[in-house]
Structures are given as structure tokens and as C-alpha cells.
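Visitor: Sharing a structure here in C-alpha cells format.
Every number here is computed from the coordinates shown, using simple stated rules; none is lab data. Not measured: the values here are computed from a predicted model. Reconstructed Cβ throughout: ideal geometry from the backbone, glycine too, with neighbour counts over all protein chains shown.
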């Protein structure tokens, strides 16, 4: 029974909090309390939610979407609105349920249509539902308009006695704070409550849920307030209409929910609020003909238009990012965005590797000095230099003198051969063949609109034919000096079309190392720069085996010195195709993604005192390639490490400045044997910073064994855990 009650309760709570783009239980509880300030309003809202969610489950719709409250919140709004307007009766109850059902159908239909454009349906179903009931009930004589608001004091006294009446009077009689009063009334109006107390309760819930959302609600409201004063409009009309909440919801949606919070998103809130006001004012005149309110229509129009036009941009802006993982709060989304690794940003890229083996020098990179210009600027030219920096031996008058000449070229990834040019002879050193610019070339199709091209190959060295399927590392041919090539080198580019010489794409390469004297830098996704000495990264078998985290595996965790304390972690995948490690005992999860290169933790939810959190912060970002003394550095979300009071201060100014940081570093120390290693030793560290100054660090020593066992010891607490694969299921 408890298994069924918990999801049902969560679904109901989310149907309330989802109105503010939230799944916060505390906020939801306050919103339910606010809705019941008028008991009949609360009643009709609640039965609408319960009826719609039950119906959606019975019809077989996605349980995760239902549990998030996405199918329930529009029905909730129609129930609240109807309960406020009409006297309670059996007839009204039936009509409310009918409208709730209509709202569900509209929600599902809009979801199917708008999902094609990656757009939300917002509160459009609610608007259509309310218009339907308002227009239809003009002919329903059995329904009477509610008169409860006329006897407000009697209702408050019955609900909370004299104390509640006194509180209501105190807030209502505040002088000199008219705009604040209207702000609270606008918040309350979202839940069809026309009193200051409701707005204050909602504001408290909003502040607890998200400091960014709360600040945006104020920014949206006061941007509208100042614009009303500027144009000479009557702002006091918001005290008795439902227009003011449009400005609050618009600000939260644009400033912090559908867009990563930033200075730019806040600026756009200020810019778009006057637009929302103009839309609201014009629509009021249009809809007054039918004597129906516009409700949240201006909010829907502004937000949907803005999100849609952002998706049509040719060039994405780092300061106005509308395509990102959304976490539970705007703060969490922002912190993840600020600390996310390049691996995470590039995780959806199809992996394209270097088409070479061993050490090669980048003679020309993107926007090269000589030939990589305009539409063909995103390309690389590779050569081989000796220790003295020369690319040839002897006189250098012949192709054979060059170190890269006749070296093998390999497929950079899996794909089909779709283009080949062959039979073009090598040039005499110093001369170029402009008539056959690309020389002998091969084009490989990897996915739709993703191709690679290697050029200037040696004539008759090509080992594949059109139509062949090649795996990564398949030998393609040999480096030559054909086409526009004064001396032997390999030209490599990534493109969107299957033709030799196509326009290039600005696309990263996957898992390679950059050598700089005695130092080595490991790059998971990046773009080699001119004069870099690069080579493909080699994967280590011990790390590959231990980090093979695939859904279905069960990990057994034990603590040293406590043989009776063991935990079982499951590796799973949810309905959103997210892979995670779950610890049911502590109700905690690590969300992660794996690539051929390594394992990268994206998010942690749950108990920060758990062993799973130790696992998260000690192995936050680990590559499967071993190079002694290499250091990997990344940032981690600060809200996972600092206390709530400190984070509240950070949250307020987070879109503008981060004064709290946590930096992660991983060092590959050594193998226990160079020739037949059985274990690899790694050291990781999390360092907390306040105003760029280090204030605390936590160090972990990790040993990874060939059999897949991982030992993790905290040097701060001396706690040691062992993680090993138990079985597959």
C-alpha cells in the first residue's frame, strides 16, 4: 500500500508546485494551504488534480510525466478558477470534472504538437478550459455565481479565528507600500486568491524553493510597475485583476527556467516585460467583447515566442543558453552549467578520432596561416618533426625524405566510404597541383550530416573502395604529396556533406593527448592547435575493466573495519535515458555518462553523508587512459559542498558572480608494475574556494585493481571503502 501511496502523493504535490516550474514538496504544501484559504476553491482544485492524474494513469500515459505534475497543473488551475467563480453544487462538481478531462486532452494534444519544436505547452490548456466553462455556463441556470468574497471576514474567522482576521487586516492596511501589496496580490492571484496573505505565503514558498526564482518574480513585477508609470497607465488595476501574475511568471520562465540564469537572461526579462504589457493591454480590449479574462495568455505568448526564436538562431550564445539540462532549481541548473566539463558539453557529439597513430605535429589548425580560410577554415594539416624540429632528413628534395611520407592513415571512426579520388601523382617538392586541389582523398560517412575527409594521399595507396563499411582504426591509405601540397602532409577535415572539398564543420576531436616537452595533457574533446604535438590516447585495460559501468550491474560496497556493513548499488537507466548508480538504503543517486574515453559524473542527489557521495566526489571525472603524473582538473557544483546558509547568499547573486567554488583534480600516480601491472594508484582532491582563496581540501587515495575492484580512502577521515562488481542482472 505504501508503495502506491508515495508516488500518488508526489504526483499530487508536483501538480501544485509545477505551476512555478518546480517539484519542491515544501512549496507544494504551501500552495495547497493557500488554495484552501477559500475551502471550496481548494476542494475543486484538488479533485481536478486527483481525477486528471487518475485518468491519465488509466489511459496508459507516461507515469514519469504524470508524476512530475505536468498533466495535473493545468487541470488544477481550471478547478481553482471555477471554484472561485461559482457557488459549490453537485452540478458544478460534474462540470469541473468535465473541464478537467478536457484540459487533460488538450494538454496531451499540445504536448504532441509542441514537442516537435521542443516547446512547452505551459498553461494554454488551462486558458482554453476556463474560456470553455465561462462561455458555456452563460446558458446554465443551475449554476450561481459565488458570493463568498462578500463575507470575507466571516470566512476568515471560521477558518482561523480572530487571529487570522487580525493578520488579514494588518496586511491589508499597510500604508506606503502599495506596490508591495499589489505584488503579493498578484502572487495570490495565480492561485485565485485575492488577498495579501495568500501572496505572502506563496512568496515564502518561492523564496525557500529558489532565491533566483524569487528575485525574478520581483524583477518581473517591478519592471512592469515602472513601465506602467512610464507610459502613464493605471497600475492599481492589477489589485483587482489577474494580469499581474503574467509578469511574474514571464520573468521566472525566461530569466531562470527555460534559459540558464545569467546577466543576459535577467536583461531580457527587463526587455520583454514591456512587450508582455503591450500584449496584455491589447488582448484585454479584444477579449472584453466576449466578457472573458485573458488570464495567463500574455505570459504564454511572450515565453513561447522567445523560446522558439532562440531555437532558430544560427549562432548560439554562451551567455543566453536555452538548451541545457534542467535540474530541480534554477540555482542547480546554473551551478551545473558553470562547472560542467567539456566532456559533458560534448557528450552528444559523435566521436571522431585522429586519423593517425603515434606522435604528429599540427602544421596548420583552424583558421590556418596558408590555406584554411573561409568555408574551409575548420581543418587540420599534420606532419612529423624530428627532435630538432625538421620535417625531413637529408636534402628534403624528395618526398621520401619527409618523415610523414608513406605513413599509414586510419579511419577516425566507424562509417561507410562514400567518396574516393585516386590516381593523382605526387608533386615535386615545392610545386602544387591547383587543378586537382585536394589530391587523392577519401570521404567517410559516420552519421547523417557528419562526414570526414582525408586528403593528399599517395597514389594507388588507398586500401578501401566506395561502399565499404570501415571500423575505427581501419587502414585507409598512406600519406602522399598530391594536390595542393608543396610537401608531404595529411589534410583532415570534418564536414556535413559527402563531397570531396565540402565546406568544413567546427567539430571537436575525441580522446587525444598533447605533448609539451615532458608534460602530457589528456584531452577528451577538443580541437588541436597549431604547433601542438598530438597523438591518440591509449586506453588502459585495468581502467577499462573497472569503469565499465553499464545498466544491470550491481556493485557491492563494504567499509574497512566494519565487515558487517555492506551496501548494494544498482546501475540503472530511467525513462529519460539517464544512466545512474542508485543506493536505495540512503536514497541517493549518481547520474553519470560514459564514453569510450571515461566515466563522467553529472549530478548527485541524496544523502551527502553516504558512501555513494564519497564515490561521487572521489571519482568525479576519470579517463580510461593512464599517463603517469597527468592531472585532470574540473569544477564541481558548489551547492553539493557548502552549507545552505552560505549557499543562500551565493544563490542571490549567482547569475552575476560566483564567490564559492569547488575544484576537482585527479592525478595518475603509478602502476604497481610497468610490464605486468595489477593495480593503478590515483590521487584525487576536492578544494573549496571562497573569493578565489582556498579554505579547505579533501584528499582521496584510490587503488583500482585489474579484477575491477576499487579501493577509496579519505585522507581527511581515514575512512576506506571498497567497491566491486557483484554480478550482472
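Visitor: For a footprinting-style exposure proxy, rank 211, 722, 313 by other Cβ within 10 Å, fewest first.
Guide: Going from sparsest to densest Cβ surroundings: 313, 722, 211.
Visitor: Next question. Apply 1/(1 + (r/R0)^6) to the Cβ-Cβ distance of residue 349 and residue 629, taking R0 = 25 Å, and write down the FRET efficiency to the nearest 0.05.
Guide: According to the calculation, E is roughly 0.30.
Visitor: May I ask for the angle, rounded to the nearest 10°, between helix 644-653 and the longest principal axis of the chain, with both axes built from Cα atoms and the value confined to 0 to 90°?
Guide: For helix 644-653, the angle is close to 80 degrees.
Visitor: Evaluate the relative contact order of the range 35-115 (contact order divided by residue number), counting alpha-carbon pairs under 8 angstrom at least 6 apart; express in whole percent.
Guide: 37
Visitor: If the chain between residue 25 and residue 397 were fully stretched, how many nm would it gain, using 0.36 nm times the residue separation less the Cα-Cα distance?
Guide: Here the answer is 126.3 nm.
Visitor: Between residue 726 and residue 231, what's the calculated FRET efficiency when r is the beta-carbon distance and R0 is 45 Å? Round to 0.05.
Guide: Plugging the Cβ-Cβ distance into 1/(1 + (r/R0)^6) gives 0.10.
Visitor: Can you tell me, using C-alpha contacts under 8 Å and at least 6 residues apart, the relative contact order of the range 557-662 as a whole percent?
Guide: This gives 14 percent for the range 557-662.
Visitor: Please give the FRET efficiency for residue 320 paired with residue 115, using the beta carbon to beta carbon distance and R0 = 25 Å, rounded to the nearest 0.05.
Guide: FRET efficiency, residue 320 to residue 115: 0.65.
Visitor: If we count other beta carbons within 10 Å of each Cβ, what is the order of 589, 319, 123, 610, fewest first?
Guide: Lowest count first: 319, 610, 589, 123.
Visitor: As a check on your grasp of the helix formula, calculate [θ] at 222 nm for the chain: sum -39500 (n - 2.57) over DSSP H runs of n ≥ 4, divide by the residue count, round to the nearest 500.
Guide: -11500 deg cm²/dmol
Visitor: Just need the relative contact order of the chain here, percent rounded to a whole number, with Cα pairs under 8 Å and 6+ apart.
Guide: Relative CO of the chain lands at 8 percent.
Visitor: Right, next: Can you tell me how the range 1-146 classifies by the Cα gyration tensor, rounded, prolate or oblate, using a/c under 1.5 as the rounded cut?
Guide: The shape class here is oblate.
Visitor: Using Cβ counts within 10 Å as a stand-in for footprinting exposure, how do 399, 98, 404 rank, fewest first?
Guide: 98, 399, 404
Visitor: For the Cα atoms of the chain, what angle does the longest principal axis make with the long axis of helix 330-339, in degrees from 0 to 90, nearest 10?
Guide: 10
Visitor: Compute the length gained on full extension between residue 288 and residue 678: take 0.36 nm times their separation in residues and subtract their Cα-Cα distance, giving the result in nm to one decimal.
Guide: Full extension from residue 288 to residue 678 adds 132.5 nm.
Visitor: Okay, next question. Would you mind checking the tilt of helix 152-172 against the longest principal axis of the Cα atoms of the chain, expressed as 0 to 90 degrees and rounded to 10?
Guide: In the chain, helix 152-172 runs at an angle near 70 degrees to the longest axis.
Visitor: Given that compact globular proteins tend to follow 2.2 N^0.38 Å, what is the ratio of the alpha-carbon Rg of the range 542-728 to that value?
Guide: Normalised by 2.2 N^0.38 Å, the Cα Rg of the range 542-728 equals 1.05.
Visitor: What length, rounded to one decimal in nm, is gained on full extension from residue 565 through to residue 475, with 0.36 nm per residue of separation minus their alpha-carbon distance?
Guide: Result: 27.2 nm gained on full extension.
Visitor: Please work out the Cα center distance from the range 52-131 to the range 296-333, rounded to the nearest Å.
Guide: 24
Visitor: Does the range 360-507 classify as rounded, prolate or oblate by the C-alpha gyration tensor (a ≥ b ≥ c root eigenvalues; a/c under 1.5 gives rounded; else a/b over b/c gives prolate, otherwise oblate)?
Guide: prolate
Visitor: Take residue 178 and residue 263, extend 7 Å from each Cα along the Cα→Cβ direction, and tell me the distance between the two endpoints in nm.
Guide: Here the answer is 3.5 nm between the modelled labels.
Visitor: Need one word for the chain: rounded, prolate or oblate. Basis is the Cα gyration tensor (sqrt eigenvalues a ≥ b ≥ c); a/c below 1.5 gives rounded, then a/b vs b/c decides.
Guide: prolate
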